[in-house]
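Visitor: Supplied in structure tokens, the structure appears directly below.
The values are calculated or read from the model by the stated rules, or taken from the named source; none is laboratory data. Note that the structure is a prediction, hence the values are computed from the model and not measured. For neighbour counting, all protein chains shown are included, and Cβ atoms are generated from backbone atoms with ideal geometry for every residue, glycine included.
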Ligand SMILES: [Zn+2]
């Protein structure tokens, strides 16, 4: 049997792996100390999970990225020493001491020469494959940061030509968005500002129109309220479904506020299909609170007025 090594894939994994060491070191420096939770190395792609309470800020990610790229650009050698676990501990090599190591371990250290000084870029116990010089990594780019579990963050990054591919992909997306917005990529910020401003105006216009529509509708209903349905007669008041206006929760509250001001002299129930409801009574022989309690609605406030969200209201009316 003949075993063949796929050299280009092996090299791609070596670049991503050494970059993982650099990332771990940079994170340790930034967060004082962090614990690796999991990591995955693939062809010029790496995924690194680590313990951190909060997500890293955008500027922290940029800082890590440039620190690693600075190191990639400097003259540096990845040196590998085989030694005893005791000696490795004395060398302050990063290890996962809850892991079981044999008597002999392998210390992978990366040192960079910059401005005539030697700068440590990483020192870890590791048996895996690495590039000989970190400049072979070519380039490093963080693609995204996500949360994978409580207190565990994930950084995904790429190396070598995948960095260029990533940049080209971003450029294509920007070009596509720009053409859809009918502007040049350079003008995107201005265009976005303009659109957001217009959207803000439209939103307030829309809210005002919706408000006026609701008032008109309620006023019309007010006139018809003396012709109650059979259930309304039993309830001794109006029942209004305002779902036609697809109200949001906060708008619903405004409608109720409006209704309370206009219809303080009658009993009413206003509800929406989403389950928002308000019950108001003004006659001494009818209590909104008692009514809600009798109907099994979860909440009640004052004797005369009840307002909450409970889909059960639709079955009641
Ligand atoms: Zn390693």
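Visitor: Can you pull out every residue in segment 260-307 that is out of contact with any helix residue (DSSP H, G or I) (no Cβ under 8 Å at 6 or more places or on another chain), outside any helix (DSSP H, G or I), surrounded by 13 or more Cβ atoms within 10 Å (Cβ to Cβ) and modelled with pLDDT of 85 or more?
Guide: Matches in segment 260-307: 282, 287.
Visitor: Those residues that are in contact (Cβ under 8 Å) with a residue 24 or more places away in the chain and more than 14 Å from residue 95 (Cα to Cα), I need them from segment 33-46; list them, please.
Guide: 41, 42, 43, 44, 45, 46
Visitor: Quick one: in segment 123-132, which of the residues that are free of Cβ contacts under 8 Å to residues at least 60 places away in the same chain and loosely packed, with under 15 Cβ neighbours inside 10 Å is nearest to the ligand (Cβ to nearest atom)?
Guide: The selected residue is 127.
Condition check ((1) modelled with pLDDT of 95 or more; (2) in a loop (DSSP other than H, G, I, E, B)) across all residues:
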| site | (1), (2) |
| --- | --- |
| 131 | no, yes |
| 142 | yes, no |
| 145 | yes, no |
| 148 | no, no |
| 155 | yes, no |
| 158 | yes, no |
| 166 | no, no |
| 170 | no, no |
| 194 | yes, no |
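Visitor: Looking for something away from the ligand (no atom under 16 Å from the Cβ), touching a residue at least 60 places away in the same chain (Cβ under 8 Å), within 24 Å of the chain's Cα centre (by Cα) and outside any helix (DSSP H, G or I) - is there at least one such residue anywhere in segment 17-32? So that I can check it myself, show each step before the final result.
Guide: Step one: of segment 17-32, the residues away from the ligand (no atom under 16 Å from the Cβ) are 29-32.
In the following step, the residues that additionally are touching a residue at least 60 places away in the same chain (Cβ under 8 Å) were identified as none.
No; the residues of segment 17-32 include none that is away from the ligand (no atom under 16 Å from the Cβ), touching a residue at least 60 places away in the same chain (Cβ under 8 Å), within 24 Å of the chain's Cα centre (by Cα) and outside any helix (DSSP H, G or I).
Visitor: Report, ordered by the first and then the second residue, all pairs with beta carbons closer than 8 Å, sequence separation of six or more or different chains, a first member in segment 51-73 that is within 12 Å of residue 26 (Cα to Cα), and a second member that is assigned to a loop (DSSP other than H, G, I, E, B).
Guide: Sorted first by the residue in segment 51-73, then by its partner, the pairs are 64/56; 69/139.
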